[in-house]
Amino acid sequence: IAIYGKGGIGKSTTTQNTVAGLAEMGKKVMVVGCDPKADSTRLLLGGLAQRSVLDTLREEGEDVDLEDIRSKGYGSTICVESGGPEPGVGCAGRGIITSVNLLEQLGAYDESEGLDYVFYDVLGDVVCGGFAIIEFPRPPWRPGACDVGPNSPY
């Protein structure tokens with residue numbers, strides 16, 4: 001489930017409250033923050049900042065494990081922050097692509113993870129059109145169990 005919109009309208013708050021509610025209902029939920037500010041999961045993490053996927057890659061190189069880039073939040077939610085490129089270098093869209101691809105390569109979306117939902121909290125003005133060209137991994141739930149926008153392959 002991707003939550004888009006203009007900055008400052010409450011996307012992150014709505015996403016985190018929805019995720020927390022689903023977690024309280026016993027659902028296993030992962031939220032991927034897709035904002036270079038890397039603040040999409042702060043409420044779920046008790047106000048703490050999380051190191052982003054891109055920061056982890058910059059500091060540790062390509063040899064990272066899934067546990068290096070995700071944190072356990074409220075109600076055992078799984079929190080990931082994609083982060084952004086260094087100022088003046090690259091664009092947010094490319095950072096999101098890198099993060100989602102790495103999550104897929106490391107098995108974050110595998111059926112064995114038992115995810116009921118994955119939320120993407122997306123900033124309203126992703127540049128480079130980068131986010132639009134991501135082919136999201138197949139959802140871990142059964143086909144037909146969700147209704148997605150008209151341009152979705154699902």
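FYI, it's all coordinate maths here, none of it is from the lab. This is a predicted model, so every value here is computed, not measured. Glycine also receives a Cβ, built like all others from the backbone with ideal geometry; neighbour counts cover every protein chain displayed.
Descriptive notes on the structure:
- Values of log10 I(q)/I(0) for the stretch 1-80 across q = 0.13, 0.19, 0.20, 0.26 Å⁻¹ run -0.40, -0.81, -0.88, -1.28, by the Debye formula with one identical scatterer at each alpha carbon and no solvent.
- When THR77, THR14, THR98, THR41 are arranged by Cβ crowding within 10 Å, least crowded first, meaning fewest neighbours, the order is THR14, THR98, THR77, THR41.
- Built amide H within the under 5 Å cut-off of GLU81, gap 5+: GLY33, VAL53
- For LYS37, the lysines whose Cα comes closer than 18 Å to its Cα, not counting residues fewer than 8 places off in the same chain, are LYS6, LYS11.
- Counting neighbouring beta carbons within 10 Å and listing from fewest to most, the residues SER52, SER99 come out as SER52, SER99.
- Projected onto planes of every orientation and averaged, the convex hull of the alpha-carbon atoms in the stretch 2-133 covers 7.7 nm².
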